[in-house]
1. To the nearest 20 Debye, how big is the dipole of the chain about its Cα centre, given +1 on the beta carbon of each Lys and Arg and -1 on that of each Asp and Glu?
2. Given Cα pairs under 8 Å that are at least 6 residues apart, what percent is the relative contact order of the chain?
3. Report, in whole Å, the centroid distance computed from the Cα atoms of the range 1-19 and the range 56-84.
4. If R0 is 25 Å, what FRET efficiency do you get for Thr12 and Phe33 from their C-beta distance, rounded to 0.05?
5. Assuming 0.36 nm per residue, please report the length gained on full extension of the stretch Ala77 to Ala23 beyond their Cα-Cα distance.
6. Report Rg(Cα)/(2.2 N^0.38 Å) for the chain, keeping two decimals.
7. Order of 43-54, 12-23, 59-70 by packing, highest average Cβ count within 10 Å first?
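No value in this document is a laboratory result; all are computed from the given coordinates. Just so we're clear, the structure is a prediction, and the values are computed from it rather than from any experiment. Note that each Cβ is placed from the backbone with ideal geometry, even for glycine, and that neighbours are counted across all protein chains shown.
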Amino acid sequence: MLFRQLTERHLTAVCRERQLKEALCGGDFLLLFAVAECGDRPANMAAISKKLNINPSTATRRVNRLLTNELVTKSAAHEDERRYEIGRASCR
């Protein structure tokens, strides 16, 4: 419980410092970490939600929050335009 409180407090401070449009939560950080683990190749939305053991709708909400803050990019997959790939945004 203490670790979670400290993490959330730190995330809140980082959000204020970076002047993000929308505050992040611990789950957003985990999604960012999963995207970063993919390196230069884009991450598949379905694979990320499965890896983090969250519903695809939850993953979509988190990705949308990260898109609002310009921390990730989202594009249609080349092989199937019904699927989305998430990539790292360039550093600001």
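1. In debye, rounded to 20, the chain gives about 260.
2. In percent, rounded to a whole number, it is 26.
3. 24 Å
4. The computed FRET efficiency comes out at 0.85.
5. Gain on stretching Ala77 to Ala23: 16.7 nm.
6. After normalising by residue count via 2.2 N^0.38 Å, the value is 1.10.
7. Answer by packing, highest mean first, reads 59-70, 43-54, 12-23.
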